[in-house]
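Before anything else, here's the structure in question.
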């Protein structure tokens, strides 16, 4: 089975307006093919980006903060506002050696903004489930 | 379509709709005895729009919105139909949940703005960080709420924590527990007057905003970006951007072709309401525009799939978009003239 059908079988269908033979508009639940293709591409891209970041974190090039930011679909600017920490500091904390020395109070703010526990924030999951 | 009882024993009918905000507004009106369909709310609220926002990004992709600002359709439609809604926002999540419980006990159904990413019943393909998703809470159940989400076919249960997380998200996207419920309603709204107001508003929004990223000019702007994208970004990244655009056209609860089919349904209903031949003609025009947008998304999907069709290129996809822009400009100029002739 294609990846497109796989993700579109998951969850309830949405409704689409269709023009029927009598010239009336009716609601139907078949997703258009173009939508399936593009959504599948975006979902698979999101997954692969997340997986790449996870590998980089394990290799010690990025901090786990990067991973959780990507997981929650945030941009650095949004994360900075959510945690109440200046953007340049947030960007600095993407470096693993800086992140390792962070005070618990700062970690706490990130954990609240990203809705993960402080323990989780220090590492990345071993395998993406 | 399913029916359930609200907290005060009044039956609530759950209808499947295409778009969250219009369907929620229409369901609220219908629950209080005013029969307004979803396309009608969309047209009256002046929902159709275009805006390309390259400085706002979601999952590294720019936003191209095919509808007005979240919340504006509800606000405008309620005003034009003469209904008064109580709206509330909260700083404290606990207070937000308590207030929701209190209002539900009085027998009201409540509309909420939530974040799609955090709604627990959403599947992965719908989960993205967008804070303007509207749902209706019908009543409280044991450790949860009974939720009618019009974009999915059935009523669902949602836990208290899940709903609270979706209503209060840290950061700039916070919906702040935005909730609304009916205070007074006009049982015999002047639909004709409301339709005229909505159409005029729409024409102004599409044609007269003096910025290159909104309205018809915005479509042309994005078309040029699409044409240049393979040179500027590389093929893979350009595909991703194109897929992002197609997602805004077809997914995101547009009811197909970037709300254009829904708007055609509205014009069709309005033509029956006014008995106007001009509007019947405009219905066909709008359907043609919708078909062109659908053609654009199919063309884009072919590019993404690399089906080796010689005509499937970024230039042609951008060209189709330019065609849409031309058609839409002609359509809205025509609509402007037709609206002037309509009598309320």
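The values are calculated or read from the model by the stated rules, or taken from the named source; none is laboratory data. Please read all numbers here as calculations on a predicted model, not as lab measurements. Virtual Cβ from ideal backbone geometry, glycine too; neighbours counted across all protein chains shown.
Mind checking which residues of the range B:243-258 are more than 7 Å from every other protein chain (Cβ to nearest Cβ) and modelled with pLDDT under 85?
B:248, B:249, B:252, B:254, B:257, B:258
Could you tell me whether residue B:299 is over 20 Å from residue A:23 (Cα atoms), more than 9 Å from every other protein chain (Cβ to nearest Cβ) and part of a helix (DSSP H, G or I)? Steps first, answer last, please.
Working: over 20 Å from residue A:23 (Cα atoms): yes; more than 9 Å from every other protein chain (Cβ to nearest Cβ): no; part of a helix (DSSP H, G or I): yes.
The answer is no for residue B:299.
Counting only residues that are part of a helix (DSSP H, G or I), crowded, with 17+ Cβ neighbours inside 10 Å and under 19 Å from the mean Cα position of the chain (by Cα), how many does the range A:61-108 have?
Going residue by residue through the range A:61-108, those that are part of a helix (DSSP H, G or I) are A:64-71, A:76-83, A:87-92, A:96-100, A:104-108.
Now drop any that are not crowded, with 17+ Cβ neighbours inside 10 Å, which leaves A:64-71, A:78-83, A:90, A:96, A:99, A:107.
Cutting the leftovers down to under 19 Å from the mean Cα position of the chain (by Cα) gives us A:64-71, A:78-83, A:90.
Number of matching residues: 15.
Okay, moving on. For the condition away from every other protein chain (no Cβ under 14 Å) and in contact (Cβ under 8 Å) with a residue 60 or more places away in the chain, what is the one hit in B:43, B:96? Before you say what the answer is, go through the steps one by one.
Values: B:43 fails: away from every other protein chain (no Cβ under 14 Å).
The match here is B:96.
Quick one: residue A:121 ticks every box in (1) buried (at least 16 other Cβ atoms within 10 Å of the Cβ); (2) under 22 Å from residue B:56 (Cα atoms); (3) more than 10 Å from every other protein chain (Cβ to nearest Cβ); (4) in contact with a helix residue (DSSP H, G or I) (Cβ under 6 Å, 6 or more places away or on another chain) except a single one, so which number is it?
Going through (1) buried (at least 16 other Cβ atoms within 10 Å of the Cβ); (2) under 22 Å from residue B:56 (Cα atoms); (3) more than 10 Å from every other protein chain (Cβ to nearest Cβ); (4) in contact with a helix residue (DSSP H, G or I) (Cβ under 6 Å, 6 or more places away or on another chain) one by one, residue A:121 breaks only (2).
Follow-up question, since we're still on this one. Counting only residues that are surrounded by 21 or more Cβ atoms within 10 Å (Cβ to Cβ), give me the strands (runs of 3 or more DSSP E) lying completely in the range B:98-178 with at least 2 of them.
Working: elements: B:110-114, B:133-141, B:144-148, B:156-159.
Per the criteria, B:110-114, B:133-141, B:144-148.
Any idea which of B:126, B:133, B:188 is under 21 Å from residue B:40 (Cα atoms) and within 14 Å of chain A (Cβ to nearest Cβ)? Can you show your working first?
Details: B:126 fails: under 21 Å from residue B:40 (Cα atoms); B:188 fails: within 14 Å of chain A (Cβ to nearest Cβ).
Testing whether each residue is under 21 Å from residue B:40 (Cα atoms) and within 14 Å of chain A (Cβ to nearest Cβ) leaves just B:133.
Could I ask something else about it? For the range A:32-42, name all the residues that are buried (at least 19 other Cβ atoms within 10 Å of the Cβ) and either free of Cβ contacts under 8 Å to residues at least 24 places away in the same chain or within 16 Å of the chain's Cα centre (by Cα) (or both). Walk me through how you get there before you give the answer.
Applying the first criterion (buried (at least 19 other Cβ atoms within 10 Å of the Cβ)) to the range A:32-42 yields A:32, A:34-42.
Result: A:32, A:34, A:35, A:38, A:39, A:40, A:41, A:42.
Please specify each residue of the range B:245-280 satisfying the condition of being within 15 Å of residue A:19 (Cα to Cα) and assigned to a helix (DSSP H, G or I).
Of everything in the range B:245-280, those that are within 15 Å of residue A:19 (Cα to Cα) and assigned to a helix (DSSP H, G or I) turn out to be B:260, B:261, B:262, B:263, B:264, B:265, B:266, B:267, B:268, B:269, B:280.
Identify all residues within the range B:99-116 that are at pLDDT below 85 and within 14 Å of another protein chain (Cβ to nearest Cβ); write none if there are none.
B:116
Moving on to the next point. Please go through (1) in contact with a helix residue (DSSP H, G or I) (Cβ under 6 Å, 6 or more places away or on another chain); (2) more than 30 Å from residue B:340 (Cα to Cα); (3) away from chain A (no Cβ under 11 Å) for residue B:222 and return the number of the only condition it doesn't satisfy.
That leaves (1) as the condition not met.
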